[in-house]
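These notes are about the structure you will find just below.
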Amino acid sequence: MRLMRVFRQRVRSLFRGAQVDSELANEIQFHLEQLTRENIAAGMDARAARLAARRELGGMAQIEEQCRDQRRVSWFTEMGKDIGYAWRMLRKSPGFTSLAVITLAFGVGASLAVYTLAESLLLRSLPYPSPDRLAAIYSVHVLRGESENIGQEDFRDWQAANTVFERMAFTEFDQRTLTGFGDAERLTGTSISEGFFEMLGVQPLMGRWFTSREQKPGVDRVVLLSYGFWVRKLGARPDVVGSSIILSGAPYRVTGVMPANFRFLEWHLSDYWMPIDYVNYGHKNHQFGGYARLKPGIAIVAAQRQMSEIARRMEKQFPDCKGWGVRVVSLRTALLDEVGSALLVFAAAALIVLLVACGNVASLLLARGIGRSKEIAVRMALGAGRRRVVRLLLTESVLLSLLGAVAGVVLAWWLIRLAIGAAPAWTQLGALVSVSPTLALFAIALTLATGVLTGLWPALRAARANLQNDLKESGASLVASKRQVRSLNGLVVGEIALAVVLLTFAGLLTKSLAQILRADLGYRTDHLLTFRMSLPSSRYKDDQARLQFWDKLQPELASLPGMVSVAASDGVPLGGTYSSNSMEIEGRAAPRDWAQADSRGAAVTDDYFRTIGIPLRAGRTFNAGDTASAEPVAIVNQAFVRKFLPGEDPLDKHARPQGGTWRRIVGVIGDARYTDPTQTAEPEFYAPLTQEPWMQFVALRTAIPEARVLGSVRAIIRKLDPALAISQVRTMQESVDQATQMPRALMALVTGFALLTLGMSTFGLAGVMAYTVSRRKRELGLRIALGASRSDISRAVIGNAGRLIAIGAAIGAIGSYAGGRVLESLLYGVRPHDVLVLVAAPIALAAVAVLACLAPAHRAGSVDATAVLRQE
Amino acid sequence: MPKPSDLLQGTLDLLILKAINHEPLHGWGIAKRIQVLSDEVLSVQQGSLYPALHRLEQQGWVTAEWKDSELGRQAKFYALTREGRRQLERELASWSRLSTAVEQVLERA
């Protein structure tokens, strides 16, 4: 009741202030009249009575002001006034305002973008109940220390022995060809073990999970669809559950559709999920992604401890487990392993931009504050308290940062688009980014903090005015006070130091990218087109059928105009497929540790090396004589020779994948980077496709631009088999570009930010120099009149600037040396402490900064002594 | 006439609440009433009366209404609210505690 009354009063005071004021005046007027009347009754004449009444009542304005204070809303009304005043001040100097707003926009925009991305990735990329209890499980090759996929048999033993996981599941990459919906299409999906969806705890949008009967091998063919696939390919038909779709020639019954936001971090996008085939590969096999949900209350370290113990027991029990351990990491950590360091660098760059922007605007405000000291002194003389003055100046800077934030949102939007384009597709970053309440809160907090950060110091300085001096002085003292200059210098040094750090980062990333692009991939990337085309085993039942198809396709493709050579293989560089085997060399003892005898295995047609552009180093390539029934032969690369036959002539030696066919090595080819442009070449063991007909890719070398043959290639394939899907159609250059997209984007981003901070800090330095020169005009004029030469003066100014630059650059160099570690995992071919970059960045910055100071230095030297001194 | 003594800090609120306990009064009337009831000993500082009234109104102890005064002119009349009456009782209690204590000190010292 009382609160209601109080609230009504406050609202009335706030919004009907004029009415309340006039009532108050009326009330006091009434009081005054009564007093006057009483005085007249006591015998005074009218004039004296009125004066006496006034005297008795006291200052009307003061009473009214005291009453207004009682209303407790002065804070609001004063703020309104401050904002109006600040707005007028900002409009009065549009140059300063737009400069400050643009500067702050960069800082706020970059930070907003980083926050949005981080929030999206950390909070929304694991849309499951209690995502913190989800973990990824890897097999670890103890000697190499590398995390690898897990095997089914290992998984079973872990599942039986552990007590820390509530549920465990494993997945495998899967691809099928969809037919019956327009052109045949290659789909990417995931095979999942039992318990996968139960582990994640996500129900389908419609339909249901697989029953355990459906997941028994050979019982039933069932599939769950992704929301995207359901909408894209099935037109979001509501009656899809229970119907069948044809995948790679076999009908699969749809049991459900997953929700739109369902996602699982498998490092690829999934159109569907289906039960995995259980095949006993033994303990040697490592090809599945392992995942688990921890029991409530079990920490990840405890799980790791128990799993390590189990792995040690298994090492003793099974020979194939020898040398293998287990790694358990939370799913969130696994995600951050992939994208965390790029995000961290982005965040560091954004923070530096924000700090330099704040520093820059603060120095602008500081310089302005010194110029405004007279105005502020007048305000204080008229009764404004220190707090009131600080508040007024802070309102100005917060208003500035607010305007900056509005402009910054546009920049943030653009940066986020850029990041979505550069992030790996499986992160589905675009779908994660959204405007959340916490984002809005962050934006508001950031804006206020920026305003206070830029404005507080200048405001406190300004309010510490010495009234007498400031009022007496005509606005320009003989020398700028030492304290004022020192604050400005400190800001400039800080800005330069931060700019050096960012410039060093940019230098390191640029050098790293240059190394990546310059790296010898081992094959020619121009005029090379590859696409994926696998022959469904339902219709191409045996090796012969597959070879026959190729024998029909190959001559047709080769006879196209502009075609140089045509090849097929089970994989192409940067194509995303990979298979590896442990190797045995004839006449050598079998390796004690099979995992250490790994080599990539491949099957290729005879023109493959010519088509891809991998040079032959010794022996011969495959030829028409290497038929299915001829002697089994192989070609290895130089890395293979170095690993398995060091210092020997590999030709005519025999080797085989563990348990496979012995093959005679007939040729040696050059090394090539197969999986990643930044990865060094690994051992490779090639068999002729005729002897291992496992066709996945077609590669075409052309004499004309690749795009011009594509239409005819598609037509030929459609003519031979209309149900055959081709996918991943890319030129090799596109594959390389795609593989280097992340380092490119990061380099571009950090370099852009670095140039921005370079600009801001040198501009800030030049501004401060110009300001001090203009403040010292009379001092300089006096010096010149007393005989100092103009070049002396200019040199003194440059020397002054040089000192600041040197200090800033030195601090920055130390900072980059210390902070370089952040970049380590993102650098290729460059150490974070690369001497060239560490030295070049400060020097480059110093050069630009000195150039920027030439103009103020020149102005200092050309001060007109007589004119200046006459002003006195 | 001896100079009216200044009001003890904080007692002004109590006197105002007490003055309008029986009937609503305007500011001038409140000042007069306090002066008369105290036999001209207490004189409200005119300057502090209105801020005090304003405060009491803001706190919801009193409510104000514009009415015709006995002098034929519109004046702002203040009346106690229910919460104001309770506040008056609280202030009276604390005042009597204070004055008893002061008296005791004066008697026993």
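In this calculation the C-beta distance from A:R795 to A:R387 is compared with R0 = 41 Å, giving a FRET efficiency of 0.35. Diffusion coefficient (Stokes-Einstein, Kirkwood radius over C-alpha pairs, 10 °C, 1.306 mPa s) for the protein assembly as shown: 44 µm²/s, rounded to a whole number. A protection proxy built from the mean count of other Cβ atoms within 10 Å ranks the segments A:355-365, A:826-836, B:33-43, most packed first, as A:355-365, A:826-836, B:33-43. Taking a span of 18 Å or more along the helix axis (Cα atoms) and a mean Kyte-Doolittle hydropathy of at least -0.5 as the rule, the DSSP H helices of chain A that qualify are A:2-15, A:17-41, A:94-124, A:331-371, A:386-422, A:437-463, A:482-518, A:707-720, A:741-775, A:790-819, A:835-861. Label-to-label distance for A:E78 and A:D520 is 7.5 nm, based on points extended 7 Å past Cα in the beta-carbon direction.
Straight Cα distances below 21 angstrom link A:K541 to the lysines A:K552, A:K719, with same-chain residues fewer than 8 positions distant left out.
Checking every one of the trypsin sites (Lys or Arg not before Pro) in region A:539-637 against DSSP loop status and a limit of 16 other Cβ atoms within 10 Å picks out A:R539, A:K541, A:R588, A:R592, A:R620.
Normalised by the number of residues in region B:11-108, the average gap of Cα pairs under 8 Å and 6 or more apart makes the relative contact order 30 percent. The angle separating the long axis of helix B:27-37 from the principal Cα axis of greatest extent in chain B is about 40 degrees. Between A:T675 and A:N26, the simple spin-label model (points 7 angstrom out along Cα→Cβ) gives 8.6 nm. One Cα centroid belongs to region A:55-89, the other to region B:86-109; the line between them spans 37 Å.
Counting partner chain Cβ atoms within 10 Å of every residue's Cβ in B:54-62, what's the average?
Working: counts 13, 6, 1, 6, 11, 6, 9, 2, 1.
The shielding value for this peptide is 6.
Mean separation of Cα pairs under 8 Å and 6 or more residues apart, divided by the residue count, gives chain A a relative contact order of 15 percent. Hull volume per residue, based on the alpha-carbon atoms of region A:2-72 and their convex hull, is 91 Å³. Using the rule -39500 (n - 2.57) for each DSSP H run of four or more residues, divided by the residues of chain A, the 222 nm mean residue ellipticity is -18000 deg cm²/dmol.
Value of Rg to Rh for region A:534-724, rounded to two decimals, is 0.98; Kirkwood radius and Rg both from alpha-carbon coordinates. Here A:H833 and A:R12 are evaluated by their C-beta separation; at R0 = 51 Å the FRET efficiency comes out at 0.15. Hydrodynamic analysis of region A:144-322 uses the Kirkwood radius over alpha carbon pairs. Inserted into Stokes-Einstein at 10 °C and 1.306 mPa s, it gives a translational diffusion coefficient of 90 µm²/s.
Averaged over peptide B:46-53, the number of partner chain Cβ atoms lying within 10 Å of each residue's Cβ comes to 6. For region B:11-108, the alpha carbon positions stretch 53, 29, 23 Å along the principal axes, listed from largest to smallest.
Annotation: aspartates and glutamates with alpha-carbon distance below 18 angstrom to A:K643 (same-chain offsets under eight excluded): A:E584, A:E586, A:D593, A:D598, A:D652, A:D671, A:E682, A:E684. Run the reach check for B:K67 against lysines, Cα to Cα strictly under 26 Å, same-chain hits fewer than 8 apart removed. What comes back? The reachable lysines, counting only those whose Cα sits under 26 Å from B:K67, are B:K18, B:K32, B:K76.
Please give the average number of partner chain Cβ atoms lying within 10 Å of the Cβ of each residue in A:269-275, rounded to a whole number.
That average works out to 0.
Equivalent-ellipsoid semi-axes for region A:406-462 (Cα gyration tensor, √(5λ), whole Å, largest first): 32, 12, 8. Note on region A:296-311 and region A:359-433: Cα centroid distance 48 Å, given to the nearest whole angstrom. The Cα center of region A:786-840 and the Cα center of region A:542-559 differ in position by 64 Å.
A short reminder: the numbers here are calculations on the coordinates, not readings from a lab. What you see is a predicted model; the values in this text were computed from it and never measured. All Cβ positions, glycine included, derive from the backbone under ideal geometry; neighbour counts span all protein chains shown.
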